[in-house]
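No value in this document is a laboratory result; all are computed from the given coordinates. On a predicted model such as this, the values are computed, not experimentally measured, just so you know. Here Cβ is always computed from backbone atoms with ideal geometry, including for glycine, and neighbour counts include all displayed protein chains.
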Amino acid sequence: MFNDTIPVKKAVFGRFGAYVCSDDALFAWFTAREALTFSARLKLKIPDEEQDKLVEKIIFDLGLTMVAGSQIGSVMRKVLSGGERKRCAIGVELVSEPSVLMLDDPTAGLDSFKAFGIVQLLNRLARTKGTTVLSTINQPSSESFFYFDKLILMTDGHIVYQGDAKKSVDHFKLINRPIPRFANPADYFMKVLTVRYPKRPEDEANVADLARHYRTLNEGSVKAEMKIVKVPVNLEFDPDANMMADTTTQIRWLFNRSWLFAQREPRLTKAKFLQNFVTAVFMLTVFSGLGFPTKLVDDNGPSN
């Protein structure tokens, strides 16, 4: 639900939300600018000139100006760096100007420097655009960790902390689990919350103790805060209205993408033509002698 009032269906999430996968699902032969333009053409119904201005602004905001004309590439065909590809994937979703941006481990596969850059970018989006950013993250550095405003820690399906990221250190100190000096809080939390399966009695006791402290110290304040914080969502919109480009526009741009692929990767295009030709010749040799089916029944009854 958005603000406990609007059910989040497909059309609603498409209007107000965006999701960035852990793996970059981008067309490798697009340049960064073409990828954002392609997304804008399919998602927006505003004039092309306004879309182009929006694309250029996003490119500038994401720090992609120097590589905007470079092809994105892929895991097997390296062109842009991992951090640049991740920023491009985020930009593809930002063209619809979502109120809520969800990311699945956006720092996966990146070194600490590039991961820190992505976290800084997400923090800047929340600060400057008012976007609500929700993200899972795998072992962030201590510097990246404190860029997050709110933190949810879970173990074995139980929430054991929810609240200010910086206050999480004090919370664990209060429950007699102080973070060692100079230790990365995220690394320490991973150690404390780890459950070995099949669970042993000490694992179950640890989970129960953490969950009990959460209910005692955090749950009440979290529920009170949820009544105050609201996502900026227009309550008067039509959930059934289609905000995406019409079918003709979608087909035209998909055709353009295929034509672009044929131009930029002629070897694969020739291989596909050769494959179809060989398949056609093979099928012709197999079925050429069969002729047409004989007539089994004539006007006077079954044939002999």
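Each Lys and Arg Cβ is given +1 and each Asp and Glu Cβ -1; about its Cα centre, region 1-148 then shows a dipole of about 140 debye.
Computed on the chain, with alpha-carbon pairs under 8 angstrom and 6+ residues apart, the relative contact order is 19 percent.
Here is the size of region 1-148 from its Cα atoms: Rg then Dmax, 15.2, 46 Å. Antiparallel beta bridges, as assigned by DSSP with both residues in the chain, represent about 55 percent of the total such bridges. Around the amide H of TYR161, modelled in the peptide plane, lie the amide H atoms of LEU153, all under 5 Å away and 5 or more residues distant in sequence or on another chain.
Listed by chain and number, the aspartates and glutamates placed with their C-alpha closer than 18 angstrom to that of LYS53 are GLU34, ASP61, GLU93, GLU97; residues fewer than eight positions away on the same chain are left out.
Across region 159-164, computed HN-Hα scalar couplings (Karplus, 6.51 cos²θ - 1.76 cosθ + 1.60, θ = phi - 60°) run 6, 10, 7, 8, x, 4 Hz from first to last residue, x flagging Gly and Pro. In this Cβ point-charge picture (+1 for Lys and Arg, -1 for Asp and Glu), the chain has a dipole of about 640 debye about its Cα centre. The radius of gyration of the Cα set in region 152-232, together with its Dmax, comes out at 13.7, 45 angstrom. Taken about its Cα centre, region 77-206 carries a charge dipole of roughly 320 debye when the Cβ of each Lys and Arg holds +1 and the Cβ of each Asp and Glu holds -1.
Computed over the alpha-carbon atoms, region 139-192 gives an Rg to Rh ratio of 0.92, Rh here being the Kirkwood radius from the mean inverse distance. Pull up the cross-link candidates among the aspartates and glutamates for LYS10, meaning alpha carbon to alpha carbon under 14 Å and not fewer than 8 places away within one chain. Those aspartates and glutamates meeting the cut-off are ASP238, ASP240. For the chain, adding -39500 (n - 2.57) for each run of n ≥ 4 DSSP H residues and dividing by the number of residues yields -15500 deg cm²/dmol at 222 nm. Can you give me the Cα centroid spacing of region 99-119 and region 1-36 in angstrom? Answer, in whole Å: 16. Extending 7 Å from Cα along the Cβ direction at VAL8 and again at ASP52 yields two label points whose distance is 3.6 nm. Test of understanding: in a Gaussian network model of the chain with alpha carbons linked when under 10 Å, which of ALA262, ALA271, ALA280 would top the mean-square fluctuation ranking? The residue that fluctuates most here is ALA280. For the residue pairs LYS167/LYS223; LYS86/LYS114; LYS57/LYS150; LYS9/LYS43, the C-alpha atoms sit more than 19 angstrom apart in LYS57/LYS150.
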